[in-house]
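Student: The structure that follows is given in the form of structure tokens.
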Amino acid sequence: MNFLLHPLTLVTFFPLVGVVVLLFLRDEQKTLARWVALVTSLITFGISLAVLAQFNPANPDLQLAIDLPWIPLAGWEIHYFLAVDGLSILLVLLTTLLTAVSVLSTWTAVEDRVKQFMIFFLLLEVGMVGVFLAQDLFLFYVFWEFTLVPMYFLIGIWGGGRRTYAAVKFFLYTMAGSILMLLAILWLGIYQGSFQMPALIAKGGIPANIEFWLFLAFAAAFAIKVPMWPLHSWLPDAHVEAPTAGSVILAGVLLKMGTYGFLRFNLSLFPQATVQLAPWMAGLAVIGILYGAAVSYAQKDVKKLVAYSSVSHLGFVMLGLFALNPQGVQGGILQMVNHGLSTGALFIIVGMIYERRHTREMDAFGGLWKVMPIYGALTLIVALSSMGLPGLNGFVGEFTILLGAWGAGQPGAALGSTWFAGLAAVGVILAAVYILLMFQKLFLGPVTKEENRVLLDLNWREVVTLVPLIVLIFWIGLYPKPFFMLMAPAVDKLVAAVQAASAVALIP
Amino acid sequence: MFFQETVSQAPQFFGLVPWIVFFPVIGLLFNIAFGGMILKRSPAGEKIVGWVASIASGLTFVVSVLLLVSLLGHPEGMVVPLAEWIKIGSFSANWSFQVDTLSVVMMLVVSIVGTLIHIYSIGYMHEDVRHNGDPGRYGRFFVFMNLFIVSMMILVSADNYLMLFVGWEGVGLCSYLLIGFWYDKGEDGIGNAVAGKKAMITTRIGDVGMLLALFAMFWAFGSLDFNTIFAKAPQVAAASPVIILLITLFMLVAVTGKSAQIPLYVWLPDAMAGPTPVSALIHAATMVTAGVYLVARSADLYILEPQAQFMVTLVGSATALFAATIAVGQFDIKKVLAYSTVSQLGFMVAAVGMGAFVAGMFHLVTHAFFKGLLFLSAGSVIQGVERGAHHIEHDPKLKKQSKSLGPDFDPQDMRNMGGLRSRMKVTFWVYLIGAISLSGLPPLAGFWSKDEILAEANKLYIWAYVLLAIAAIFTAFYMTRQVLMVFFGKPRSAAAEHAQESPPVMTIPLMILAGLTVLGGLINLPEFHTLEHWMEHTLGQAIHKAEFVMLVAALSTVLALLAIVAGWWFYNPRRYEAFWAEPAAKRPDDPLRRLIGPLFELWKNKYWIDELYWAAILNPYIALSRFLADVVDWRFWHDWFHDQALFGGFNRLTGLLAGRIDLGIIDGIANGLGTLAQRVAAVLRSVQTGFVRNYALSIFLGVVIILGYLLLR
Amino acid sequence: MIPDLILFFGLALVAVASAIGLLLSRSAVYAALNLILNFTAIAVFYLVLDAPFLALMQVTVYAGAIMVLFLFVIMLLGAEKLSTGPTLPYQRPLSILLAVILLLEAAYALFFRSSPGAPPAPALAGFGSPQAIGETLFSAYLLPFEVVSILLLAAMVGAIVLTKKPRRRG
Amino acid sequence: MLPIEYYTGLSVILFTLGALGVLIRRNALIIFMSIELMLNSANLAFVSFARSYEGMSGQIFVFFVIAVAAAEVAVGLALIVAIFHTKRNIDVDQINSMKG
């Protein structure tokens, strides 16, 4: 009977309380609606911290599990099965934190139908947290698809000029991938007789050729979400059209659902196919890194620039995951968090200037540092974090990923060539190229446009929005030990499992 | 050492080493938090902010001296761990400090020069912020300067390559921020910012080399700690020498980036866009020598791989000559010094490449003193000229008399100077000391260190000796040219005519640096070799016994004197004034052009290397990224493939289905169904009376019927 | 047996009579008073059936709280006058017919379809006590209990929203 | 102790009377009271069955019914008051705007 009071149930579904309260508000009560959403998301964040307090970092297995029969079907029943482990705990915390931050960031940006906006936003949080906690494939799929709906409306109602197009494209694109995943899930459920991850991993024994196709089916859904090159076409549309808070969540959390999916499902369920396909995935990742960086450089719309930079950054994450050694995978997970923080913050920053000038063309700015010194300084920190300056979070992630990828290039390791790491390292230079260009175009040089002279610097609310992210940026950069400590046992276990399975596979 | 015994009993201060980082951190946090407020509220605000930063920097000097004292007793040094940083699986890197003779030398140099430049900046920036019209940035300057000290100290005190890399990129960041300090000035208003970006990106290319070296090192040695790596190096080299070659060459890439060697030196001259104290501290004395420090630190790796040593020597000596020739063709007082820096860094890199690590470090120290001195004096000169210009602007009588200076008057152009000897006496004398030291005349510091390098080159690589010796001749020549053009003759502009000496807060650091320049050679005089014995504790087997070759020393002195004479011949006041008096149309920009016109053109335009890089790398990359973004990603992949091919195709398909099949067959059925539904609904609607009691009655009827059915079934 | 019978039929008579009174009463106040009487009688039945806790609840919640609420509303509305418009045709005879059929069906079920009832054995000690109720309620029925609390909250909010007068503009 | 059929019989009678009240009366308040009567008759059946089968669930159910009834009364009375505010009447036959 502790179903309702179980911490994982609470952290997943608590936002619904806020939704219920919001339903009682009238449309004119905008400020109240914002406060309700903010308080709800803060409490949810508090609950996630409580989950963290109960989490035992030394334990590599699933923890705090709640496993109840949900849809009993003969032979393969579907469970309400939530649990957390080292792979997901950080992402849950990131989700709850970013939700609160983005609610705060959207305080004055959304004036139209605030109540409905906040309702969709909290619903989105339910879906996202559920995705990271679900340990039953079917339940996972339900949460996975559920996130589409609020996001669709967030883009489609509060978006920019081509919002309908972007929303439909986002929906159809991700839906198309998920269909394949659904088929694979059903196949697994019927063939293996269970939807629960521990049972599926324990059972194993999928024929090699089928495992290959199952891997691809899951990968289709996840690769679109990440998005891996060349499936990234929906991303710039969705990002450019989405409202600021939507972009923050889209980049900060929704994309991580893809990489997390690879980590949680592909690596654990299909280890042989993983080893077999690792060079291909890493190759796509490296192409994504370079391609994303090059394309970012040529953008004129700053939001689009940040959007394409996500393609590049997520390429690093994928490269780390498919290095299949502790350094790469841990770096990959940390980089997911890093990208959530720094790109999330970048989108918030873009949103702030958009709110003031209603344009995102970089040529419309210049010299803003002089007009808005606090804004300039905060942006500088975030930009430097995004381009991986040592001492800030991005570096720790990128360094460990590349270290892992280089190690995976040793003879006999997953990738078989150090070229992956070598080429990806070039991405570090290209990142500096486009980030510094953005910073220069927005902040440096003389103030050329008259309307930029009168812009107001950040108010206290906007500073408060950014400060938690910046504190974390420094924290992870200078002392990432606690973060690595949380994930290390789980990652070691996963890597050992993949390597053991691949060793078995190699024996005829 | 006669006080060896007493010192060895003295308390050890090794535990204090983290404070070389913490003191400037405290300083910068103080200035971030309160700097703006102090500047606004207090009339002496600038002094407070500046002195807080200077004291923070000065305290690092105190700590460095304490470490030095401790090392006298315990020359083996110590590793002081602070905190665990990254630990994944077998990989671990910590925040921990290495105190040994090599790192403490660097700390001393950085803290002495750094502190003097901080103090100098109190005066310099006071005028600079007013000249550039934004006094609010005064505090920001000192924050960045302290941040630089932090990064540089992390760099030199690290006990592992990863922490070193943090400092390595950190100083790059400070360089970026300080080059672009006046980010709204420069060419087209954005020139300074672009220069900063260029520096950051160019050095980052080198940094990626460093990163790759780190990866290779970790997977070869299983660690990034200096001591572990150096202990294992011989064994790894025996097993797979190619790994060591790979690592050392990757590191060389890093060195060319940070220490401005061919081919990545191009950023350093542009970096002169920063305020002059920045050029002195970062782009002459300390940051750019990080590459030299890196090679010296990795001495144990380099001595295992002669091919790498050869490459380093080649790069260093080629750069030394290459940059020295460019310096001859420059008119900007700071550009001359910048190329001179590149050239001198070439000397150092060549030295550490040859294995003469002590000679390289020796030159690093003396160069830090005299080049810092030269840059700061140049700053003093520039501000003196600016003061003159300012004086004219605000004196109506003078303004009427003299020609207007115009908006594009360049206070850094040496052609606008002349005759400053009598107007800025202190500056002149310290500048002269620096110039002589740089030219390599005994007994100043530059002579001893340069001579040691040349002596080593003479012994090891004779071709390197030739290159470096020619570079030394050019060095003496362009310094003579510069001193004559700036300080001698008659003023060539109204601003120079009214130039004024700088305040004591600027000239006193200059005098201290001049003193160090005079005495700096003492630390490694022939016969004593103090620095060499000192370094032996750290570099151990990698050290060379340097010897003083009289012939080499004499030869280089003679060559330098000849170069000075040649310089005097071309630029002596009488001759140069005669040249200057010719009509502007008929006269070329420099007397040297009459003799070697095409060569001078080449030097003036820096061999068109920048243009070459634009054409070969930057423009293609920009074109590629535009092509990828606009054509491949947007028009093909986004618009054509997705919108046209996928969505469009789907739309056409559905259109076909709708037109042919749907309208004919399915619609007929659907419409029929609709009509039927309407009729049924009309009948059923009459049941809806709207009376609650009627509904209740029907419910009750249902209850009765169901109960009856259940009973009778 | 006999005292039980007397008690039962006496109370049953009261209950049925008050129900009929409710059905026929002219005014809502009388109806409410009849209903209170009915509730009290049923509360006594609960006592007999070993449900003392429910009996008390019946009196406090129903006869006390709910009926007081009814009376308040009656006072508030003061609505005694019903217009004498045309009533629905056939409503009353049809209702009575259906009620009779229902009674007949129930009688049929009671007399013919169920085994002749033997009196149940005396209850165990503590059956129906507040303690037993509490133990069951807070173990097996915790979730419904919590749900009911939310329902009550919702009802409270709903009642307030419904009765609030629409806010005047300006 | 009497057999359980006595109580179910009484419960049926009360239920029928309540249902008649709902169907015949036009006063919304009295209809409401009749509904309460029907609920009570059902409660009586529950309690008697609980006694007969010696299970606590029946009594618990009654507990819930009472709670739900309280909620229902609160909302229902509020509805009636609201209707009275707009229509000045509580005759259910006057309220027929649902007519199709």
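Student: Within segment B:193-226, track down each residue that is more than 10 Å from every other protein chain (Cβ to nearest Cβ) and of a type in the set (Ser, Thr, Tyr).
Tutor: Within segment B:193-226, just B:SER223 meets the criteria.
Student: Shifting gears a bit: Filter segment C:131-165 for residues that are more than 7 Å from every other protein chain (Cβ to nearest Cβ) and at pLDDT below 85; which is surrounded by the most Cβ atoms within 10 Å (Cβ to Cβ)?
Tutor: C:LYS164
For (1) more than 7 Å from chain C (Cβ to nearest Cβ); (2) closer than 17 Å to C:ILE42 by Cβ, each residue gets a yes or a no:
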{"site": "D:THR8", "(1), (2)": "no, yes"}
{"site": "D:ILE31", "(1), (2)": "yes, no"}
{"site": "D:MET38", "(1), (2)": "yes, yes"}
{"site": "D:SER41", "(1), (2)": "yes, yes"}
{"site": "D:VAL81", "(1), (2)": "no, no"}
{"site": "D:PHE84", "(1), (2)": "no, no"}
{"site": "D:ARG88", "(1), (2)": "yes, no"}
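Student: I'd like the residue in segment A:291-319 that is of a type in the set (Gly, Ala, Ser) and within 11 Å of another protein chain (Cβ to nearest Cβ) and, out of all such residues, is farthest from the chain's Cα centre (by Cα).
Tutor: This residue is A:ALA298.
Student: Kindly provide the set of residues from segment C:90-121 that are at the interface with another protein chain (Cβ under 7 Å from one of its Cβ atoms), out of contact with any Ser or Thr (no Cβ under 9 Å at 6 or more places or on another chain) and not in a helix (DSSP H, G or I), ordered by number.
Tutor: Answer for segment C:90-121, where residues must be at the interface with another protein chain (Cβ under 7 Å from one of its Cβ atoms), out of contact with any Ser or Thr (no Cβ under 9 Å at 6 or more places or on another chain) and not in a helix (DSSP H, G or I): C:ARG113, C:ALA118, C:PRO119.
Student: Scan segment A:422-457 for residues that are buried (at least 19 other Cβ atoms within 10 Å of the Cβ) and more than 8 Å from every other protein chain (Cβ to nearest Cβ) and jot them down.
Tutor: Scanning segment A:422-457 gives A:ALA424, A:GLY427, A:LEU430, A:ALA431, A:TYR434, A:ILE435, A:MET438, A:PHE439, A:LYS441, A:LEU442, A:ASN452.
Student: Right, next: Name the pairs: first residue in segment A:185-207 and assigned to a helix (DSSP H, G or I), second residue basic (Lys, Arg), Cβ to Cβ under 6 Å, at least 6 apart or on different chains?
Tutor: Cβ pairs passing all conditions: A:GLN192/A:LYS203.
Student: Quick one: which of C:ILE20, C:ILE66 is at the interface with chain D (Cβ under 7 Å from one of its Cβ atoms), within 26 Å of D:ILE4 (Cα to Cα) and within 16 Å of the chain's Cα centre (by Cα)?
Tutor: Criteria check complete, one pass: C:ILE20.
Student: Next question. Going through segment A:18-48 one residue at a time, which ones are part of a helix (DSSP H, G or I) and either out of contact with any Leu (no Cβ under 9 Å at 6 or more places or on another chain) or exposed (fewer than 14 other Cβ atoms within 10 Å of the Cβ) (or both)?
Tutor: Those that are part of a helix (DSSP H, G or I) and either out of contact with any Leu (no Cβ under 9 Å at 6 or more places or on another chain) or exposed (fewer than 14 other Cβ atoms within 10 Å of the Cβ) (or both): A:VAL20, A:VAL21, A:LEU23, A:LYS30, A:THR31, A:TRP35, A:VAL39, A:LEU42, A:ILE43, A:GLY46.
Quick grid of which residues meet (1) in contact with a Gly (Cβ under 9 Å, 6 or more places away or on another chain); (2) away from chain D (no Cβ under 14 Å); (3) modelled with pLDDT under 80:
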residue	(1), (2), (3)
B:LEU602	yes, yes, no
B:TYR607	no, yes, no
B:GLY668	no, yes, yes
B:GLY674	no, yes, yes
B:VAL683	no, no, yes
B:VAL704	no, no, no
B:LEU712	no, yes, no
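Student: Taking the options A:VAL101, A:VAL84, name whichever one is crowded, with 24+ Cβ neighbours inside 10 Å and either of a type in the set (Asp, Glu) or more than 30 Å from A:GLU355 (Cβ to Cβ) (or both).
Tutor: Exactly one residue qualifies, and that residue is A:VAL84.
Student: Where residues in segment D:57-77 are over 17 Å from the mean Cα position of the chain (by Cα) and crowded, with 19+ Cβ neighbours inside 10 Å, which of them is farthest from the other protein chains (Cβ to nearest Cβ)?
Tutor: By that ranking, first place goes to D:GLY58.
Student: Something else now. Can you confirm whether C:ALA31 is assigned to a helix (DSSP H, G or I), within 7 Å of chain D (Cβ to nearest Cβ) and among the small types (Gly, Ala, Ser)?
Tutor: yes
Student: If you don't mind, there's one more thing I want to ask. I want to confirm something. Restricting to segment B:172-181 and keeping residues that are touching a Lys or Arg at 6+ places or on another chain (Cβ under 9 Å) and within 10 Å of chain A (Cβ to nearest Cβ), which single residue is nearest to B:VAL150 (Cα to Cα)?
Tutor: B:GLY172
Student: Still on this structure: Given the structure, is C:LEU47 under 25 Å from C:GLY134 (Cβ atoms) and either of a type in the set (Lys, Arg) or surrounded by fewer than 19 Cβ atoms within 10 Å (Cβ to Cβ) (or both)?
Tutor: yes
Student: I've got another one for you. Against the conditions (1) exposed (fewer than 13 other Cβ atoms within 10 Å of the Cβ); (2) modelled with pLDDT of 70 or more; (3) of a type outside the set (Lys, Arg), where does B:GLY690 fall short? Just the number, please.
Tutor: It is condition (1) that B:GLY690 fails.
Student: Conditions first: (1) in a helix (DSSP H, G or I); (2) within 10 Å of chain A (Cβ to nearest Cβ). B:ASP184 passes all but one, so which condition is the exception?
Tutor: (1)
Student: Something else about it: Looking at B:LEU173, B:LEU224, B:LEU246, can you tell me which residue is touching a residue at least 24 places away in the same chain (Cβ under 8 Å), under 18 Å from the mean Cα position of the chain (by Cα) and either surrounded by 22 or more Cβ atoms within 10 Å (Cβ to Cβ) or on the phi < 0 side of the Ramachandran plot (or both)?
Tutor: Of B:LEU173, B:LEU224, B:LEU246, the one residue that is touching a residue at least 24 places away in the same chain (Cβ under 8 Å), under 18 Å from the mean Cα position of the chain (by Cα) and either surrounded by 22 or more Cβ atoms within 10 Å (Cβ to Cβ) or on the phi < 0 side of the Ramachandran plot (or both) is B:LEU173.
Student: Among B:ALA546, B:ALA560, B:ALA566, which is within 30 Å of B:ALA231 (Cβ to Cβ), in contact (Cβ under 8 Å) with a residue 24 or more places away in the chain and among the small types (Gly, Ala, Ser)?
Tutor: Among B:ALA546, B:ALA560, B:ALA566, only B:ALA546 is within 30 Å of B:ALA231 (Cβ to Cβ), in contact (Cβ under 8 Å) with a residue 24 or more places away in the chain and among the small types (Gly, Ala, Ser).
Student: Using the structure shown, decide if B:ALA260 is within 26 Å of B:GLY355 (Cα to Cα), more than 14 Å from every other protein chain (Cβ to nearest Cβ) and assigned to a loop (DSSP other than H, G, I, E, B).
Tutor: Against the criterion (within 26 Å of B:GLY355 (Cα to Cα), more than 14 Å from every other protein chain (Cβ to nearest Cβ) and assigned to a loop (DSSP other than H, G, I, E, B)), B:ALA260 qualifies.
The values are calculated or read from the model by the stated rules, or taken from the named source; none is laboratory data. Note that the coordinates shown come from a computational prediction; the quantities given were computed from them, not determined experimentally. Every residue, glycine as well, gets a Cβ built from its backbone with ideal geometry; the counts of neighbours run over all protein chains shown.
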